[in-house]
Amino acid sequence: QVHLVESGGGLVQPGGSLRLSCAASESIFNIHIMAWHRQAPGKQRELVALSNSGGNTNYADSVKGRFTISRDNGKNTVALQMKNLKAEDTAVYYCYAYKDSRPSWGQGTQVTVSS
């Protein structure tokens with residue numbers, strides 16, 4: 001499995017921005033899927049943004065136009081830039097990797113959007 005460590009979470013006011021980063025323990029160049037998921041209290045974990053090794057990205061409808069996922073193969077990191085944050089974006093955000101038919105998850109980082 002790939003060891004993943006997230007960072008960058010915190011408290012932000014509505015309308016603010018945050019940048020999450022996920023550091024992988026190995027090269028992500030050949031990792032088919034890198035993604036961010038989130039889980040809010042009392043809700044199921046959901047896919048937020050996905051990036052595949054072919055350079056394609058996909059986003060949940062709720063974050064389109066506000067969130068951007070990016071891969072840095074040289075640094076083995078995946079970032080999630082979040083803008084115009086809303087209260088409903090409050091959740092624990094998890095980094096995810098899918099390689100060789102095996103999923104890997106990070107420990108999660110809390111994002112709280114509140115005034």
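Find how much the distance from D61 to Q81 grows on full extension, using 0.36 nm per residue of separation minus their present alpha carbon separation; answer in nm with one decimal.
Residue separation times 0.36 nm, minus the Cα-Cα distance, leaves 5.6 nm.
How big is the Cα convex hull of region 49-115 in projection, averaged over all directions, in nm²?
5.4
Once you wrap a convex hull around the alpha carbon atoms of the chain, what is its projected area averaged over all directions, in nm²?
Over all viewing directions, the chain projects a mean Cα-hull area of 6.6 nm².
Which stretch or stretches of region 4-20 have amide N atoms under 17 Å from the point lying 7 Å from T68's Cα along the Cα→Cβ direction?
Of the residues in region 4-20, 16-20 have backbone N under 17 Å from the label point off T68.
Once you place label points 7 Å from the Cα toward the Cβ at Q13 and E46, how far apart are they in nm?
Those two pseudo-labels are separated by 2.6 nm.
In Å², and per residue, what accessible area does region 1-112 have when probed at 1.4 Å with the other protein chains present?
53
Below 12 Å, Cα to Cα, which aspartates and glutamates can K75 reach? Residues fewer than 8 away in the same chain don't count.
Answer for K75, where 12 Å is the Cα cut-off: E26, listed by chain and number.
For region 74-79, just list the computed ³J(HN,Hα) in residue order, Karplus coefficients 6.51, -1.76 and 1.60, θ = phi - 60°, integers in Hz, with x standing in for Gly and Pro.
x, 9, 6, 10, 10, 10
Long-range amide H contacts for F67: which residues qualify at under 5 Å (H placed 1.01 Å from N, peptide plane, sequence gap of 5 or more or a different chain)?
Under 5 Å from the amide H of F67: K83.
The values are calculated or read from the model by the stated rules, or taken from the named source; none is laboratory data. As the structure is a prediction and not an experimental result, all values here were calculated from the model. So basically every Cβ, Gly included, is an ideal-geometry build from the backbone, and we count neighbours across all protein chains shown. Surface accessibility is based on the protein's heavy atoms, side chains included, excluding ligands, DNA and RNA. Shrake-Rupley method; radii C 1.70, N 1.55, O 1.52, S 1.80 Å.
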